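The values are calculated or read from the model by the stated rules, or taken from the named source; none is laboratory data. Given the structure is predicted, the values throughout are model-derived calculations rather than measurements. No Cβ is skipped: glycine too gets one built from the backbone with ideal geometry, and neighbour counts run over all protein chains shown.
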Amino acid sequence: MKRSTVASNAFSATTVAVAAALLLMMSALSAALAQGHPFGIRPPDATGFTGWIIAEQSRFYRALSGLIRAAKTDGSALWGLMGISFIYGIFHAAGPGHGKAVISSYLVANEETWRRGIVLSFAAALLQAITAIVIVGIAAALIGTTAKMMGDTVRVIEIVSYALIVLVGARLFWVKGRAFRRTWHEVVSGAKADGSATPKHDDHVHHRHSHSAHTHGHDHLHGQAHHHHDEQRDHDEEDDSVLPWGHAHGPEPEELAGPGGWHRGLSAIVAVGLRPCSGAIIVLVFALAQGLFLAGVASTIVMGVGTAITVGAIATLAVAARSAAKRVAATRPGYGSLALRGIEVGAALLVMIFGALLLTGYMASERTGLF
Amino acid sequence: MLYRLASLLTGLICLLAAGGGAVAHPHVWVTMSEELLFAPDGSVTGVRNAWTFDDMFSAFATQGIEQKNKGTFTRAELAPLAQVNVDSLKEYAYFTYAKVNGKRQKDAFLPPTDYFLDYDPKATVLTLHFTLSFKAPVKAKAIEIEIYDPEFFIDFGFGANNPVRLVGAPADCTLLVNKPQDDYFPNELRLDKNFATSEANIGMGASFANKISVACR
């Protein structure tokens, strides 16, 4: 009887993990399909919330040009410009190309804290604003190149940025895939042994074991240069051999967070934030043409802060959902952590898919160019 | 536990999918003035487009273009830009979709001809002129031309006065212009209104589609 419950639990956990991965892929696919329109196929109408977001963005965006013009003669219009830029940024982050999906998936896959999620969102959004300012500042203000040249520059940056997203996703997928496989072996083969040979083997024992594994892992992590992949691998394999049960519900993925995680977080920030926002570039060039480049710069930075708030909020939600899942999973050592590892693998895969779709142009971002 | 986990997951997935599936808002506004060209035998030979861009995009597009007289651009100075515009429009099928007797035509048009850009120094806006000729002149009872950007990066709209004309059309042809409600188009833009009505009639690309219908007996 015990055996069958164990088996069915293992089965359900696997089902949940597989279903999660499938759903993640499907949602990525549908997101992609929703954006590529073959000739003559109309997109669905955007009504309700989406439509409202689009409408508000359009409205604020269009107001920007008037405010920049007004600021030429009336300095107080600058306050209005800053206010509208801020609100525009908040709404605009709902549009594509601001890394909500990539950042959220990254945070989920990497078991990051909400604090780090917010820092990541702000850093990425500000980097995005800075890229736009640097491009327009150098290309337009200093060298005086054409819009086509700027568009071409942005396209190159875009390709680099999307390729980086794929790499960040691939790296996460590799690490998380290994963790999932390990947990799978522990839980599923362990469960079989558990079910047949020692049916009375209870959770208590697992608990203690996993705790010691956890501590061990941390000591190890802090004691050594944990940036190095090889060391990481040693650590993993050692855990595998010495404590086969160790990972039952130990927070092992945290080897990626903490102090060592920051330089990895940087790769995510750069991957997402490198690509400038097309709206910001147009606003900056317009401000430059009006002789108010600095007003454009200020507006772009304020926009970035607004964008960061939205992205940060969405990222926090994702982190909250993930830690809720973790709490639920913690009630079931073994299967719970297997499901969690499954979520992480799925989210890592999603980062990779987003990057690939962006790279191949199946997932549209904003266009920067003459059309 | 699995049920709760599954529902949490579903929420998470929806969140991530929503992030990935976001739609862009327009960054470019085009005010159109269109002419439908007829041959003497009553067939439609093509469409002549005149698209006026909004001031921000016009400033962006003219950035770095050399000008003899500050504040304005001649047609010749803008010729390379017009070439870029027309070249890149190809990828988007010129945003111009034709329907003949209710049937959508794929690749209906030849490459653009007679294209050039004009600059209005007072309004500081660019207007792109280009003619799209049908591969074969169309003689049909009903022709529909729709102009829109399916990705809604560009918001197309008709000008206020007489934005569509039939050139050389037989007397029995009638014109119907469908102007979708678009509160955020330049002509209508006012910051103080629309808070209450902002949810009305908002859609992307196609629901903003501007339809020109011509029926000839």
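Among what's in region A:321-335 and is touching a His at 6+ places or on another chain (Cβ under 9 Å) and at the interface with chain B (Cβ under 7 Å from one of its Cβ atoms), pick the residue that is nearest to B:LEU8 (Cα to Cα). Among those that are touching a His at 6+ places or on another chain (Cβ under 9 Å) and at the interface with chain B (Cβ under 7 Å from one of its Cβ atoms), it is A:ALA329. Of note, A:ILE87 does not satisfy the criterion of being under 25 Å from A:ALA123 (Cα atoms), among the β-branched types (Val, Ile, Thr) and facing chain B (nearest Cβ under 9 Å). Do we find that A:ILE41 is at pLDDT below 50, more than 26 Å from the chain's Cα centre (by Cα) and more than 7 Å from every other protein chain (Cβ to nearest Cβ) in this structure? Yes; evaluated as a whole, the condition is true for this residue.
Taken over region A:109-124, residues that are in a loop (DSSP other than H, G, I, E, B) and surrounded by fewer than 23 Cβ atoms within 10 Å (Cβ to Cβ) amount to 1.
Taken together, the criteria exclude A:ALA179 from residues that are closer than 30 Å to B:LEU81 by Cβ, away from chain B (no Cβ under 14 Å), touching a residue at least 60 places away in the same chain (Cβ under 8 Å) and under 21 Å from the mean Cα position of the chain (by Cα).
Of all the listed residues (A:ALA318, A:ALA308, A:ALA295, A:ALA287), the sole one being out of contact with any His (no Cβ under 7 Å at 6 or more places or on another chain), surrounded by 20 or more Cβ atoms within 10 Å (Cβ to Cβ), in a helix (DSSP H, G or I) and modelled with pLDDT under 90 is A:ALA318.
Of all residue pairs spaced 6 or more apart or on separate chains, those with beta-carbon atoms under 6 Å, a first member in region B:67-78 that is under 12 Å from B:THR124 (Cβ atoms) and a second member that is aromatic (Phe, Trp, Tyr) and surrounded by 13 or more Cβ atoms within 10 Å (Cβ to Cβ) are B:THR72/B:TYR119; B:PHE73/B:TYR119. Filtering A:GLY75, A:GLY95 for residues that are out of contact with any Lys or Arg (no Cβ under 6 Å at 6 or more places or on another chain) and at pLDDT 75 or above leaves a single hit, A:GLY75.
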